[in-house]
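Below: the structure, in structure tokens.
The values are calculated or read from the model by the stated rules, or taken from the named source; none is laboratory data. Fair warning: this is a prediction, and the values are worked out from it, not measured in the lab. Ideal geometry is used to build each Cβ from the backbone, glycine not excepted, and the neighbour counts take in all protein chains shown.
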There are 2 protein chains.
Amino acid sequence: MKGKITETSISLFGQKGFKETSIQEIVDHLGLTKGTFYYYFKNKEEVLVQIHERFIDDLLEKQEKIMRSSLRPEEKLRELVRMMIENIRASVNSAMIFFREMRHLSEGKLLYVRQKRDLFQQNIEKLVQEGIEEGAFRTDLRADMISYFILGMANWSYFWYEPEGEVSEEHLADIYTAILLQGLESKEKE
Amino acid sequence: MKGKITETSISLFGQKGFKETSIQEIVDHLGLTKGTFYYYFKNKEEVLVQIHERFIDDLLEKQEKIMRSSLRPEEKLRELVRMMIENIRASVNSAMIFFREMRHLSEGKLLYVRQKRDLFQQNIEKLVQEGIEEGAFRTDLRADMISYFILGMANWSYFWYEPEGEVSEEHLADIYTAILLQGLESKEKE
């Protein structure tokens, strides 16, 4: 039941917004009473916290798996972009909540979620730095700024990409990594 | 006075959210009465509409200027990325409202703002297509997907970039266009 409340909240918060969704609406959607909601959650913010944590924990876990693999940096980057784009289908509402509703978290929880979000960025930066040091990537740019470039082009897809549309996830990931990897290529290799 | 009400609303909606800001708070910030607010605006949504229109109209105008110039496609792209990043300093709150609060517009206004937003994307797509046809950009990718790539990496900057920080707008734009232009380069040129 807790899972169902969370799933319904994800869909309502994602479509209408956190502030715009009442606990009454959540329970109405499930044919429950408010009492059942309060049995599982202290308040609406607790659901929001859980959505944020699940979204970023899941991404971090998938990222860790790629980082720990024995792939070369450019292959890891390709896998990472593919993973982020493939995640849209399952998690677009959670992502909208994650990107838009962070300001509704209480201070302590905000700090905690921010640290995890920053870790995701820092892992990309580290990967880019490795690629630079191994000579796979060009050396004239900054790994931190490159990590934001990658986050930007991939995360923005949540706002417009339609997985059921003309371009498959795999195709989009191929186009994005084609530009990115050629763009980062070290000229010394040529 | 109308301008001051708009400016204060931009700063409050941007920081706290549209739904979370009351007309009372807007007028309190300016030491006005609600009557003055209603002299200039029918309701809070009318302010929101104006913020959306001003933000996208301003971007479209700056984009038009670049598009109409006699620069080569790759130079136009560079100018475009620079313009989008330079716009952060002046308009970060408007941008946050533009990206996050579109769902609070009424249907008719939403359609109108969406058309303008789509035009901004289509102009980038057209520019990329020109570059492909002139042989400046690679031919193996899709101009529409490339335009979203560019929008993503540039627009995402509004969420994290600090113009007063270590990296200047010009430097960031240089890094971003360095990756982008090398990434789009036609191999036939080499």
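Values computed for the structure shown
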read-out: Selection status of residue A:132, away from chain B (no Cβ under 11 Å), of a type in the set (A, V, I, L, M), closer than 26 Å to residue B:170 by Cα and outside any loop (DSSP other than H, G, I, E, B); value: yes
read-out: Any hit, segment A:157-174, residues being without any contact (Cβ under 8 Å) to a residue 60 or more places away in the chain and at the interface with chain B (Cβ under 7 Å from one of its Cβ atoms); value: yes
read-out: Flag for residue A:20 being of a type outside the set (Val, Ile, Thr) and under 30 Å from residue A:127 (Cα atoms); value: no
read-out: Positions within segment B:142-190 being more than 25 Å from residue A:170 (Cα to Cα) and outside any helix (DSSP H, G or I), in sequence order; value: B:161, B:162, B:163, B:164, B:165, B:166, B:167, B:168, B:190
read-out: Residue A:10 being in contact (Cβ under 8 Å) with a residue 60 or more places away in the chain and either loosely packed, with under 13 Cβ neighbours inside 10 Å or at negative phi (or both); value: yes
read-out: Test for residue A:48: is it assigned by TED's automatic domain parsing to the domain that holds residue A:106 and either among the acidic types (Asp, Glu) or under 21 Å from the mean Cα position of the chain (by Cα) (or both); value: yes
read-out: Every residue from segment A:13-61 that is exposed (fewer than 14 other Cβ atoms within 10 Å of the Cβ) and of a type in the set (S, T, N, Q); value: A:15, A:22, A:24, A:33, A:43
read-out: Single condition residue B:139 does not satisfy, out of (1) outside any helix (DSSP H, G or I); (2) in contact (Cβ under 8 Å) with a residue 40 or more places away in the chain; (3) within 17 Å of the chain's Cα centre (by Cα); value: (3)
read-out: Hey, residue A:176 farther than 12 Å from residue B:180 by Cα, surrounded by 18 or more Cβ atoms within 10 Å (Cβ to Cβ) and of a type outside the set (A, V, I, L, M) or not; value: no
read-out: Residue within segment B:115-129 that is among the polar types (S, T, N, Q) and at the interface with chain A (Cβ under 10 Å from one of its Cβ atoms) present; value: yes
read-out: Some residue of segment A:65-77 being of a type in the set (Lys, Arg), in contact with a helix residue (DSSP H, G or I) (Cβ under 7 Å, 6 or more places away or on another chain) and surrounded by 15 or more Cβ atoms within 10 Å (Cβ to Cβ); value: yes
read-out: Residues being modelled with pLDDT of 95 or more and of a type in the set (Lys, Arg) - total across segment A:145-190; value: 0
read-out: Sole exception among (1) more than 11 Å from every other protein chain (Cβ to nearest Cβ); (2) touching a strand residue (DSSP E or B) at 6+ places or on another chain (Cβ under 6 Å); (3) not hydroxyl-bearing (Ser, Thr, Tyr) for residue A:105, by number; value: (2)
read-out: So residue A:96, is it under 27 Å from residue A:11 (Cα atoms), in the same structural domain as residue A:183 (by TED's automatic domain parsing) and of a type outside the set (D, E, K, R); value: yes
read-out: Single match in B:142, B:138 (criterion: within 10 Å of chain A (Cβ to nearest Cβ), over 18 Å from residue A:151 (Cβ atoms), touching a strand residue (DSSP E or B) at 6+ places or on another chain (Cβ under 7 Å) and at pLDDT 95 or above); value: B:138
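Results for (1) modelled with pLDDT under 95; (2) among the polar types (S, T, N, Q); (3) not assigned by TED's automatic domain parsing to the domain that holds residue A:181, shown as yes or no for each residue.
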site	(1), (2), (3)
A:9	no, yes, yes
A:16	yes, no, yes
A:20	yes, no, yes
A:59	no, no, no
A:64	no, no, no
A:70	no, yes, no
A:73	no, no, no
